[in-house]
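Below is one structure; the comments refer to it alone.
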Amino acid sequence: MKKRLLSLLMLLFMAAPFTSRAEEAFEPGSMIIGHVTDAHSWHLFDYKSSDGTEHAVAIPLPVILIRDGHLDVFMSSKFHHGHADYKGYRLVGGGASKEEVACVGADGELLLDTEGNIVKPTDLSITKTSAAIIIAVILLIIIVFIAKAGYKKRPNQAPKGLQSLVELLVVFVRDSIAKPMIGEEKHRKYLPYLLTLFFFIFFCNILGLIPFFPAGANITGNLAVTATLAVITFLITNLSGNRHYWADIFNTPGVPAWLKVFPLMPVVELVGVFTKPIVLMIRLFANMTAGHIVILGFMVIIFIMSNLFGVGVGAGVSVVSVLFSVFISLLECLVAYIQAFVFTMLTALYIGMAVEEPETH
């Protein structure tokens, strides 16, 4: 662990002098937003050739577009990082704005509709976030199968190695989340989903903190990902709801009759059904994105000070920036676990409320 931190510090110290020599103006906002948003290629690093030309090194990803019923499939390298058109398409945006594929006419100009908006095809591309999800799922499957193999090789024995970590988290989700929130009898039905939810969020959060391929993608900082998880929770919760659950929504007990006839409380309760997954979606997205932005903000200070006052000042500021970045990174490791726990716990709570049976005296 100490060696890894030392290597990170050395790389960050070396970054300031090279950045200060750049001829173009440094845009901190564009750099930060560009690192936390999605893209059609997986950017690794930039370098300058002997003639001073800057080159970007990135892993191309499949671009899948549908326009007027016609399917076009090619690699994102055809765009040459947004510097070239291909098959009537152009990669626009990036940095502080969203990266998208736009349609281009024969004259090389962007096509506009009748309202003056840029014409865009239906984009089904495998973006950086999509590729990162596939990588995360594959790694999770490998980890689970390694733990499974450990039980086969050493039956009825204490777990060891990776098996110990997996068993610890599985038992934690079962005994500290599923059973208390859903109940001793009904928790087994929903335990597979809760375990999948916890492991996926936790693993994606941790991968997002590692700044190099195949990690480094801000998976849970993508609103589409958190929204999908929230929608799945919403469907499971409401499809599992019993008669008592829906009766309490439209005929809330302990409420004056005039509030039910109006009907104020049924509307409030029904709105609450839809706001619960929205809260789940925004909480996970906001917390993980904020952590990445804070870390990148400390790094950006080094480059800003280097450009304004020279390499010496940038190197001096980098000491404080790197120390704060390391501290925030360690804090983010805790946040990664907490957010996985909170999302899974609230999901179990909502399911428990939906399947709870009324008490009779």
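The values are calculated or read from the model by the stated rules, or taken from the named source; none is laboratory data. Predicted model, so just to flag it, every value in this text is computed and none were measured. FYI the Cβ positions are ideal-geometry reconstructions off the backbone, even for glycines, and counts take in every protein chain you see. When the accessible area is computed, the model is the full protein with side chains, heavy atoms only, and any ligands, DNA or RNA have been set aside. Shrake-Rupley method; radii C 1.70, N 1.55, O 1.52, S 1.80 Å.
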Item to check | Test for Ala230: is it at pLDDT below 95, within 14 Å of the chain's Cα centre (by Cα) and either open to solvent by less than 50 Å² (accessible area, probe 1.4 Å) or under 22 Å from Thr275 (Cα atoms) (or both) | outcome: no
Item to check | region 87-117: number of residues that are more than 26 Å from Ile33 (Cα to Cα), touching a strand residue (DSSP E or B) at 6+ places or on another chain (Cβ under 7 Å) and open to solvent by 40 Å² or more (accessible area, probe 1.4 Å) | outcome: 3
Next on the checklist: Can you say whether Val171 is without any contact (Cβ under 8 Å) to a residue 12 or more places away in the chain, part of a helix (DSSP H, G or I) and aliphatic (A, V, I, L, M), as far as the supplied structure shows?
Outcome noted: yes
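Do we have Ile236 as in a loop (DSSP other than H, G, I, E, B) and at pLDDT 90 or above here? Talk me through it step by step, then tell me what you get.
Working: in a loop (DSSP other than H, G, I, E, B): no; at pLDDT 90 or above: yes.
Here the answer is no, as Ile236 does not meet what is asked.
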Item to check | Selection from region 322-349 of residues that are open to solvent by 30 Å² or more (accessible area, probe 1.4 Å) and either among the aromatic types (Phe, Trp, Tyr) or in contact with an Asp or Glu (Cβ under 9 Å, 6 or more places away or on another chain) (or both) | outcome: Phe324, Phe327, Tyr337, Phe341
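Return the residue satisfying two criteria in turn: it lies in region 154-168 and is in a helix (DSSP H, G or I) and of a type in the set (S, T, N, Q), and of such residues it is surrounded by the most Cβ atoms within 10 Å (Cβ to Cβ). Don't jump to the end; show me each part of the working.
Taking region 154-168 and keeping what is in a helix (DSSP H, G or I), we get 162-168.
So of that shortlist, the ones also of a type in the set (S, T, N, Q) come out as 163-164.
On the way: Gln163: 20, Ser164: 13.
Once the filter is applied, the top-ranked residue is Gln163.
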Item to check | Pairs with Cβ under 7 Å, 6+ apart, first in region 42-68 and closer than 13 Å to Phe79 by Cα, second open to solvent by 40 Å² or more (accessible area, probe 1.4 Å) and at pLDDT below 80 | outcome: Ala56/Asp46
Checklist entry - Can you spot a residue in region 48-62 that is in contact with a His (Cβ under 7 Å, 6 or more places away or on another chain), modelled with pLDDT of 70 or more, over 26 Å from Asn205 (Cα atoms) and of a type in the set (A, V, I, L, M)? => result yes
Next on the checklist: Out of the residues in region 188-207 meeting the condition of being of a type in the set (Val, Ile, Thr) and open to solvent by 20 Å² or more (accessible area, probe 1.4 Å), tell me which one is nearest to Asn287 (Cα to Cα).
Outcome noted: Ile206
Item to check | Residue satisfying condition, being surrounded by fewer than 17 Cβ atoms within 10 Å (Cβ to Cβ), in contact with a Gly (Cβ under 7 Å, 6 or more places away or on another chain) and either under 30 Å from His40 (Cα atoms) or not aromatic (Phe, Trp, Tyr) (or both), within set Ile182, Ile219, Ile210 | outcome: Ile210
Next on the checklist: Whether any residue in region 132-150 is within 27 Å of Ala84 (Cβ to Cβ), surrounded by 14 or more Cβ atoms within 10 Å (Cβ to Cβ) and not basic (Lys, Arg) is what I want to check.
Outcome noted: yes
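Which residues, counting only those in region 32-46, are surrounded by 11 or more Cβ atoms within 10 Å (Cβ to Cβ) and assigned to a strand (DSSP E or B)? Before the answer, list the steps.
Filtering region 32-46 for residues surrounded by 11 or more Cβ atoms within 10 Å (Cβ to Cβ) gives 32-44, 46.
Of everything in region 32-46, those that are surrounded by 11 or more Cβ atoms within 10 Å (Cβ to Cβ) and assigned to a strand (DSSP E or B) turn out to be Ser41, Trp42, His43, Leu44, Asp46.
Residue check: is Leu223 within 12 Å of the chain's Cα centre (by Cα), over 22 Å from His35 (Cβ atoms) and of a type outside the set (D, E, K, R)? Quick ask: steps written out before the conclusion?
Working: within 12 Å of the chain's Cα centre (by Cα): yes; over 22 Å from His35 (Cβ atoms): no; of a type outside the set (D, E, K, R): yes.
Spelling it out, it is not the case that Leu223 is within 12 Å of the chain's Cα centre (by Cα), over 22 Å from His35 (Cβ atoms) and of a type outside the set (D, E, K, R).
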Checklist entry - When residues of region 127-183 are filtered for being farther than 30 Å from Glu357 by Cα and out of contact with any strand residue (DSSP E or B) (no Cβ under 9 Å at 6 or more places or on another chain), how many remain? => result 38
